[in-house]
Amino acid sequence: MNKTIIASWIIKNRIISIIFSIIIFIGLTQGVSKLTFNPDMETFFPESHPATALNADIDDTFLPTDNIVIAINGRGESIFKKETLNLVEVLTKKSWETPFSIRVDSLTNYSYVKSVEDDLIVEPFIENALSLDNQFIKEREEIVVEEEAIYGFLISKDKQTTIISIVIDPPQPNKEKNLITTVEFILEFLNKAKADHPELDIRLTGNPYQEYISPKMVQAEMPIVLPLMLLLIFLSVFFLLRSLAAVLSTFAVIFLTIGSTFGSIGLMGNALNQMVITFPILIITLALADCVHLFSIYFQQRAHEKTTEESMKRSLELNLQPLFLTTITTCIGFLSFNILEVEPLRDLGNGIAVGVFLAFIFTIFFVAPMISFFTIKTPSSTQTQTDLAKKIAVFSLSKGKTFIWLVPAISFVLIALIPLNELDDNPTQMYSDRYTSFSPDTLWLDEKLGVTFPVSFRADSDNGSVSNPRFLRSLDQFSIWLEQQNEVNHVTSLARTMKTLNKSMHGDEMSWKVIPNEQELSSQYLFFYEMSLPMGLDLNSSISQDRGSTKIAATLKDMTGNEYLAFNEKVKSYLNTNGLSDIISQPAGFRVVFSHMNRVIVNSLLLGVAIGLSIITLILGLFFRSTLFGFLSSFPNILPIGCAFGVWAILHGQVGFMVAVGMGSTLGIIVDFTVHLLSKYDLARREMGKSPEEAIYFSFEAVGFALIIMTIVLSLGFAVLHMVNFIPLHQFAQFSIIAFIVALLIDFFLFPNLLVKFDKRKFN
C-alpha cells in the first residue's frame, strides 16, 4: 500500500479515522489515575554498579541511616547555654515523636560513659537543662572536647553549632505519603522553635528533606511552566503560520498526545520523578513538529487554489513517509536510553518514545481528517515564507565551495574543545534558592560539620566477632588514618568506642585508651555498654546482628563528584597497601554512588547515542535505498552534538548528568530536520527527475521554513525550563538549544552541499 492510497483512505474515511483517534485517547487516559511520583534520588543510582551494590548491602546489614538533620547555631555564641540546651532537649524529644523515626541522636541524649568504682555508668550528656547550674554546664562544655564520638560530629569544634539527627524509615507502600507526613511533622515543631527563638539560627537538611522538596516543587511549578510554554507556542506558531485554525488544531494534537502519554506511563506502572517537567515539554515540541510540517505543505497547496480536501490529501502524500520515518528515528533516539542502568532515565526515554508515536497517530488520523472538513483561509505570508526558504537554499549553494570546508572546520575546532569539559555533579546544589534554602543550608552545615551526606565502610571480622582484638586494631589503624585526611571531618568506629570503654573502666587513665588485648574482655565491655544504652540508641546501626561486621562512618567536607572519586581511589590504595582490603570495604553512601552515577550515565549515553546513530543511519540508507544518503545523513546528526559539547566547554566546562541526557534526547529530535530535508530531496530526484540543485530548491521550498519554525519553537519551549527550580534542567535546556541551532545551520549550509557534490545518480 503506497502513500497515495493511504492518504486517500484517511480523507475518504475521515470520520472513522477521527473516532479511531478518540478511542485510543479515551483508552489510554484511563492510566492517568494510576500515576505515582517517586522522589527517591537513589532510583537514579546505576543498578549493577559495585558502589550501588555496596551501598545497598550496608543499608541491609545495618539499620537504615537515611536521616533528616536539624541544625541549631548560636549566631556567634556558644550553644552551651541553658535556654539553647533546653531547646535541643525539647526538639530531641519531639524528634522521637516524629512518625517513622527509628533513631534520634543529639548532644543532649548522647550516651556519656564514665566509671564509678567498678561500675560502668552511661547517662545522657545533658538532662533537664533548665535545672542545671552554670558550673555543670561549663564542665560539660569543657568535657565535650574529649568526647571524640561527638566533638566535630554532633557539635562543631567552635561549639556554636549542634545538630539533631533523625533517622527515619517510612514503610512501603505509600512511602511518598509517609515521607510527607514525617517531614511536615518536623517542619511544624521546627517552625514554632524558630518563632520562639529568633536569637538562634535553625535550619533543616538531609536527603529525606530533599525527597520531600522535589514533588512539592513539581506541583508548584507545573501550573506555571506548562501554561507559559503553551502560551509561547501559541504566539510563536500563530505569528509564523498566521492561522488560528492551524494553531488550535496543533493544540488539539498536543492535548491528545500529552493525556495519552501520561496515561500510558500509568498503565505501564512507571513512577514519575523529578524530571516529569521534561515530559510535557519534549512531547509538546515533538507533537508540534508533526503538525507544522503537515500545515506547511497544506497551506502551500491551498495557495495554488486547491480545495481543502485536495490540499490535505497532498500534504499527507508528501508527509506520510517523512513523518513516519522521523517517528521511527526519534523513537530509536529515545529508546537508546534503555542501555542505561538508571531506571528513571529508561522510563523517560520509553515515555517520550510512546509520546512521539502517539503524536504521529493523532496528527495523521485526527488533525488531517478534521481539517479536511473545513475551509481554512491561506495565510498571506505563505508565499513569503516559501520565498525566504528558497533564498536560503540559493545562498547555501552559491557559497557551497566555502561552506563545504568551513562548516566542518568550525565543527572540528569546537569538537576539539570537548576534553576541556569536566564530568561532575553536586546533588546538594540542584535546587534554586528562589524556591528553597535547601542548597545554601546544606552547604552551610557542610562547612560547619559535614554531616549531611556521610560515607560508610563495612568491616568484616576474620574470626566472626567484632570483639576480636586483632580486628579492632585494624579498625583503629584505618580510623586514625582516615581522620587524618584533609577531606574528612569526623570518624565514628567501634574501635574508638572500645578504646573509650577501656579507658573508662580504668579510672579514665589516658594510658588505657587502647584496644583491650583479650577478646573476652572486649566482649564484656561491649555487653555492659549495650545493656546501659537507652532504647533506640543501641548499636544495631553500627554492628550487624550476628556480631561479625561493623560499620565505620565518616563525615566529609563538601566536595565535587570528582573529588569524591579521588577520595575513593585514595582509600582503595591505602587499604590495598596495608593489607586491609579483605576486611574493610570501599566507601559507600549517597554522594559516593552519585559521583559514580554521573560517569556511568555519560558513558552509557555516549554508547547509546553511537548505537542509536548507527541504527538511524542504517534505516535511512535502507529507506532511501542509498548507502550514500545513509552516510551523508550522519553528519548533520552527530556534528551538532559534538559542537554543542564544544560550546559547552567554553560557556560552562562542567557536564552533569542532565547535560548527558540532553545529548541523548537531542539526537532523537535533530534527526527530524535531516529526514524531512532528505525525503523531499529524494522525492524531487527520484519521482520528479530534478537535478541535485533543483531538488535542493524544492526541498527548501517544501520544508525549509517549517524547520525554521521548529527551531524557534523548540528553543522557546526549552527556554521555559529556566523558570523551574531544578537547576539540572537549566543545563538540559541550554545544551539542547545550542544543539538545535547548530543542527539547523548544518542542515542548511553543509548538508545540501554534500548532497549536490556526491549525489551523481541519473533519473529519467
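Coordinate-derived values only; no laboratory data. Bear in mind the structure is a predicted one, so any value in this text is a computation, not a measurement. Using ideal geometry, Cβ is built from the backbone for each residue, glycine included, and neighbour counts are taken over all protein chains shown.
Could you please rank F527, F100, placing first whichever residue has the fewest other Cβ atoms within 10 Å of its Cβ? Write out the running numbers ahead of the final one.
Values: F527 11, F100 17.
Listing F527, F100 from fewest to most nearby Cβ atoms yields F527, F100.
Taking the number of other C-beta atoms within 10 Å as the exposure measure, put H490, H676, H722 in order starting with the fewest. Each step should come with its number before you reach the end.
On the way: H490 22, H676 26, H722 14.
By the 10 Å Cβ count, ascending, the order reads H722, H490, H676.
The distance between label points at K757 and D158 comes to 6.3 nm (points 7 Å beyond Cα on the Cα→Cβ vector).
Packing-based ranking of 220-228, 74-82, 498-506 yields 498-506, 74-82, 220-228, ordered from highest to lowest mean Cβ neighbour count within 10 Å.
Classify the range 18-98 as rounded, prolate or oblate, taking a ≥ b ≥ c as the square roots of the eigenvalues of its Cα gyration tensor: rounded when a/c is under 1.5, otherwise prolate if a/b is larger than b/c and oblate if not. List each step's numbers first, then the result.
Details: a/c = 3.85, a/b = 2.03, b/c = 1.89.
In terms of gyration-tensor shape, prolate.
Let me have the 222 nm mean residue ellipticity of the chain computed from DSSP H runs of 4+ only, each contributing -39500 (n - 2.57), with the sum over all residues rounded to the nearest 500. Don't skip to the end; give the middle numbers.
On the way: 26 runs with 470 residues, N = 764.
Counting only the DSSP helices, I get -21000 deg cm²/dmol.
Got a sec? How would Y435, Y529, Y564 order by Cβ neighbour count within 10 Å, fewest to most?
Ascending Cβ contact count within 10 Å gives the list Y435, Y529, Y564.
Peptides 172-181, 738-747, 208-217 ranked from most to least packed, by the mean per-residue count of other Cβ atoms within 10 Å: 738-747, 208-217, 172-181.
Both the radius of gyration and Dmax for the range 454-588 are 15.2, 46 Å, in that order, over alpha-carbon atoms.
Could you tell me whether the range 396-464 comes out rounded, prolate or oblate from its Cα gyration tensor? Rule is a ≥ b ≥ c as square roots of the eigenvalues, rounded for a/c under 1.5, then prolate if a/b exceeds b/c, otherwise oblate. Before the final figure, lay out the partial values.
Values: a/c = 5.62, a/b = 2.15, b/c = 2.61.
Cα axes put the range 396-464 in the oblate bin.
Close amide H pairs (under 5 Å, H built 1.01 Å from N) link D66 with I168, residues at least 5 positions away or on another chain.
Membrane-span-like helices in the chain, defined purely by DSSP H runs whose alpha carbon atoms cover 30 Å or more axially and whose average Kyte-Doolittle hydropathy reaches -0.5, are 175-196, 207-241, 244-268, 278-302, 308-335, 590-623, 657-686, 692-719, 727-749. Note on the range 63-219: Cα-only Rg and Dmax are 16.6, 61 Å. Taking a straight Cα-Cα cut-off under 15 Å and skipping sequence neighbours fewer than 8 places away in the same chain, the aspartates and glutamates within cross-link reach of K513 are E146, E147, E148, D476. Extending 7 Å from the Cα toward the beta-carbon at both E97 and S581 defines two label points whose distance is 5.2 nm. Under 18 Å from a label point 7 Å along Cα→Cβ of Y435: give me every residue in the range 267-310 with its amide N that close. The answer is 272-282.
Any of K94/K159; K157/K448; K94/K192; K448/K557; K401/K757 with alpha carbons more than 20 Å apart? Name them for me. Each step should come with its number before you reach the end.
Details: K94/K159 23 Å; K157/K448 8 Å; K94/K192 12 Å; K448/K557 9 Å; K401/K757 10 Å.
Going by Cα-Cα distance, K94/K159 fall outside the 20 Å limit.
Show me 574-587, 604-617 ranked by packing, highest mean number of other Cβ atoms within 10 Å first.
Working: 574-587: 16.0, 604-617: 19.5.
In descending order of packing, they fall as 604-617, 574-587.
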